[in-house]
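What follows is one structure encoded as structure tokens, with my remarks underneath.
The values are calculated or read from the model by the stated rules, or taken from the named source; none is laboratory data. This is a predicted model, so every value here is computed, not measured. Note: ideal-geometry Cβ built from the backbone for every residue, glycine included; neighbour counts use all protein chains shown. For accessibility, only protein heavy atoms count, side chains too; no ligands or nucleic acids. Shrake-Rupley method; radii C 1.70, N 1.55, O 1.52, S 1.80 Å.
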Amino acid sequence: MIVFWVLNGAADNFGSRSMCRCGPWILFLVIGPTQYPTLCSSSALLYIADFDPMVTLEELSEPGRSGSLPVIRHLFAYICDFVSHLNSAEEIPIEVLRQREAKWLEMLNSWDKWMAKKHKKMKERCQKGVPPSLRGRAWLYLTGGKVRREQNQGKFQELDNQPGDPKWVDIIERDLHRQFPFHEMFAARGGHGQQDLLRVLKAYTLHRPEEGYCQAQAPIAAVLLMHMPAEDAFWVLVQICEKYLPGYYSAGLEAIQLDGEILYALLRRVSPVAHRHLKKHKLEPILYMTEWFMCAFSRTLPWASVLRVWDMFLCEGVKIIFRVGLVLLKSMLGSQEKLKACQGLYETMELLRAIRPQYMEEAFLVEEIIELMVSEKDIEKEHHAQLRHWKETHGDLHCKSPPRVHGAKAIMAAEPPSRQDLRQRPTFIVESPLAPQTDRVRAEASKENGKSKAEQQKTIKPPQETANPYFPPGDPSPFLNHMTVKASKESLSSAEHDTYL
């Protein structure tokens, strides 16, 4: 919901100044659900920051003033776009959601069989979207993080207990407040979300000291922590950095530059109009796709679209990231009519920094991604071509990255896990007194009760009172008395900008 007021000539005093000069003064409040942490556009915040309320309408229209009538128009346009975002998430009937949960539970219980024999069906279910209640567990299995965790028991705790390199720890701590500052999990300075984020990123610098920390890893880890515990988030981050996006976070960013050239080459086939426009204005891919790819669109798309993209990305691999980039470029620059608004390099950059909301909307984007025919073979073919060109122009790569693995099935095929590694290990095991007895328990009970009927009659004892194993329905469980729910009391924002280059 968005509430805004237009105050014209308000007479209230504002400090030592009077608001009588303000002309049309805009005050608005954005109230949205907490599950949309990426909804607010940084460009809109810039528009608000640029707007000077202590200016009259006449002064705004003065010639030569770079003032803010366009800013106001942009602000209202942004509000309209924002409203469309709030309704962009697909509504799934509860019955359908429960059916999908049951299907995913079945897959997770027989993961190796589904990966080997029914991977196509699993891919279709990822395209439909993983149920929110099982998304964290599904991502852990899709990436192979579950297997890595089981094969390295105690590794994360060992890394977590180490102090870490002060150089990296200091940089990480300075980045913590920038990650989804309006999300409840990360809003409080020093809160549990920021603490876990520090633990995960610090552990990665100890796990890969030659690579260290890259600023773009922080939003990746933050998204993971929204869905799983710190140890699981660490192993999924390791898999993303080593299998899905190898070399992206190494010094020199050579891998991301290569993928930028691959994206540019694929665009020639997907949208010749957009490719010619970018070539005409000499707009290098590294200028517009770096944050897209390095953050896996977690800082670009609305939240509902981020989750759907990640479901497919972690199942099918980096081709999904390429498809999203191609869809956005084609949607924004794919026709002569659309290019009328960007006649130069600067205008094109501004356009790509503020993708129109309808092109990022969940249903549209997912459908376009699925329909776009860009395969692993296409990407690998272009990769080899761009690698040859790189060696001719720049020489050998300074950072030798491991080969890219395209998706969950390829990861499992490269390192086949044991059934024990895939076995689900619940955090809590609670035995209910109402649960049916197992065969073993029934067998032991029959042994103990194997006395003859006559012996049982001789040893009959008067009935004794037994304590009620259940708590009265009106009283809370004493085990929960010490637990309290604390809301975040501090909401942080930052005017700083992230830099990945």
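Return the residues of the stretch 236-261 that are touching a Lys or Arg at 6+ places or on another chain (Cβ under 7 Å) and closer than 14 Å to GLY317 by Cβ; say none if nothing qualifies. Of everything in the stretch 236-261, those that are touching a Lys or Arg at 6+ places or on another chain (Cβ under 7 Å) and closer than 14 Å to GLY317 by Cβ turn out to be GLN239, PRO246. Contact map, the stretch 256-270: residues that are under 15 Å from MET373 (Cβ atoms) and modelled with pLDDT of 90 or more paired with residues that are of a type in the set (Val, Ile, Thr) and outside any helix (DSSP H, G or I), Cβ distance under 9 Å, separation 6+ or inter-chain. Pairs shown: LEU266/VAL374; ARG269/VAL374; VAL270/VAL374. Within the stretch 301-320, does at least one residue satisfy the condition of being touching a helix residue (DSSP H, G or I) at 6+ places or on another chain (Cβ under 7 Å), without any contact (Cβ under 8 Å) to a residue 60 or more places away in the chain and at negative phi? Yes, there is a match, as at least one residue in the stretch 301-320 is touching a helix residue (DSSP H, G or I) at 6+ places or on another chain (Cβ under 7 Å), without any contact (Cβ under 8 Å) to a residue 60 or more places away in the chain and at negative phi. Scanning the stretch 353-371 for residues that are closer than 23 Å to ILE286 by Cα, assigned to a loop (DSSP other than H, G, I, E, B) and open to solvent by 20 Å² or more (accessible area, probe 1.4 Å) gives ALA354, ARG356.
Each row is one residue, and each column tells you yes or no for (1) within 19 Å of PHE297 (Cβ to Cβ); (2) hydroxyl-bearing (Ser, Thr, Tyr); (3) open to solvent by 10 Å² or more (accessible area, probe 1.4 Å).
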position: LEU159; (1), (2), (3): no, no, no
position: ARG199; (1), (2), (3): no, no, yes
position: THR205; (1), (2), (3): no, yes, no
position: MET228; (1), (2), (3): no, no, yes
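Here is the figure for the stretch 278-298: residues that are over 22 Å from the mean Cα position of the chain (by Cα), assigned to a helix (DSSP H, G or I) and either of a type in the set (S, T, N, Q) or buried (at least 21 other Cβ atoms within 10 Å of the Cβ) (or both) total 1. Taking the listed residues VAL374, VAL327, the one that is outside any helix (DSSP H, G or I), under 23 Å from the mean Cα position of the chain (by Cα) and closer than 17 Å to HIS275 by Cβ is VAL374, with no other qualifying. Kindly indicate whether LEU301 is within 30 Å of ALA221 (Cβ to Cβ), assigned to a helix (DSSP H, G or I) and out of contact with any Ser or Thr (no Cβ under 6 Å at 6 or more places or on another chain). No; evaluated as a whole, the condition is false for this residue. From HIS383, HIS406, which residue is surrounded by 14 or more Cβ atoms within 10 Å (Cβ to Cβ) and touching a Gly at 6+ places or on another chain (Cβ under 6 Å)? The unique qualifying residue is HIS406.
Would you check if there is a residue in the stretch 170-193 being touching a residue at least 40 places away in the same chain (Cβ under 8 Å), touching a Gly at 6+ places or on another chain (Cβ under 6 Å) and closer than 25 Å to GLY247 by Cβ? No, the stretch 170-193 contains no residue that is touching a residue at least 40 places away in the same chain (Cβ under 8 Å), touching a Gly at 6+ places or on another chain (Cβ under 6 Å) and closer than 25 Å to GLY247 by Cβ. Looking across GLY145, GLY136, GLY190, one residue alone is surrounded by fewer than 16 Cβ atoms within 10 Å (Cβ to Cβ) and within 19 Å of ALA222 (Cα to Cα). It is GLY190.
Please indicate, with yes or no, whether at least one residue in the stretch 231-238 is open to solvent by 20 Å² or more (accessible area, probe 1.4 Å), within 21 Å of GLY154 (Cα to Cα) and not charged (D, E, K, R). No: the stretch 231-238 contains no residue that is open to solvent by 20 Å² or more (accessible area, probe 1.4 Å), within 21 Å of GLY154 (Cα to Cα) and not charged (D, E, K, R).
Taking (1) touching a Pro at 6+ places or on another chain (Cβ under 6 Å); (2) open to solvent by 30 Å² or more (accessible area, probe 1.4 Å); (3) closer than 27 Å to ASN152 by Cα in turn, TYR264 satisfies each apart from (3). Among the residues making up the stretch 181-212, those that are farther than 20 Å from THR143 by Cβ and not in a helix (DSSP H, G or I) are PRO181, PHE182, HIS183, ALA188, ARG189, GLY190, GLY191, PRO209, GLU210, GLY212.
The numbered conditions (1) of a type outside the set (S, T, N, Q); (2) part of a helix (DSSP H, G or I); (3) touching a residue at least 40 places away in the same chain (Cβ under 8 Å); (4) open to solvent by less than 40 Å² (accessible area, probe 1.4 Å) are all true for VAL130 except (2).
Looking only at residues of the stretch 340-352 that are part of a helix (DSSP H, G or I) and among the aliphatic types (A, V, I, L, M), we find that the one that is surrounded by the most Cβ atoms within 10 Å (Cβ to Cβ) is LEU352.
Determine, yes or no, whether LYS282 is over 29 Å from LEU237 (Cβ atoms), in contact (Cβ under 8 Å) with a residue 24 or more places away in the chain and charged (D, E, K, R). It is true that LYS282 is over 29 Å from LEU237 (Cβ atoms), in contact (Cβ under 8 Å) with a residue 24 or more places away in the chain and charged (D, E, K, R).
Scanning the stretch 324-339 for residues that are open to solvent by 20 Å² or more (accessible area, probe 1.4 Å) and either at pLDDT 95 or above or over 13 Å from ILE369 (Cβ atoms) (or both) yields GLY334, SER335, GLN336, GLU337, LYS338.
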